[in-house]
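Peer 1: The following block contains the structure, expressed as structure tokens.
The values are calculated or read from the model by the stated rules, or taken from the named source; none is laboratory data. Since we're looking at a predicted model, the values are computed, not measured. Cβ sites come from the backbone with ideal geometry, for glycine too, and all protein chains shown count toward neighbours.
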Amino acid sequence: MAPLPNAELVQNSLQLYRYLLRCCKQLPEENIRQHYRHAIRQSFKVHADEDDPERIQQIIKRAIEDADWVLNK
């Protein structure tokens, strides 16, 4: 599966959250989609108190790379 377009436009956590949930819609089975939606929500809860802009950008970059990997496996 091809990654979603406009990944390079993701600049903040809300945009990332929406992007990742849209990526989940491309997954083939409902139970897999549910698993990744749950994982996305948990990750956002874990990183909710992050306030370093550089670290936030690192997290965004890594999350997009991980989403692309999941969609291509």
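Peer 1: Go through the range 1-40 and give me each residue that's loosely packed, with under 12 Cβ neighbours inside 10 Å, touching a helix residue (DSSP H, G or I) at 6+ places or on another chain (Cβ under 9 Å) and modelled with pLDDT under 90.
Peer 2: Ala2, Asn6, Glu8, Leu9, Gln11, Asn12
Peer 1: Right, next: Within the range 13-43, can you find the residues that are without any contact (Cβ under 8 Å) to a residue 24 or more places away in the chain and outside any helix (DSSP H, G or I)?
Peer 2: If the condition is that a residue be without any contact (Cβ under 8 Å) to a residue 24 or more places away in the chain and outside any helix (DSSP H, G or I), then Lys25, Pro28, Glu29 are the ones that fit.
Peer 1: Taking the range 25-65, which residues are more than 15 Å from Ser13 (Cα to Cα) and of a type in the set (Ser, Thr, Tyr)?
Peer 2: Tyr36
Peer 1: Only residues in the range 44-73 that are exposed (fewer than 10 other Cβ atoms within 10 Å of the Cβ) count as the first member; pair them with residues that are part of a loop (DSSP other than H, G, I, E, B), Cβ under 8 angstrom, at least 6 apart or cross-chain, and list the lot.
Peer 2: Close Cβ pairs satisfying both conditions: Asn72/Met1; Asn72/Pro3.
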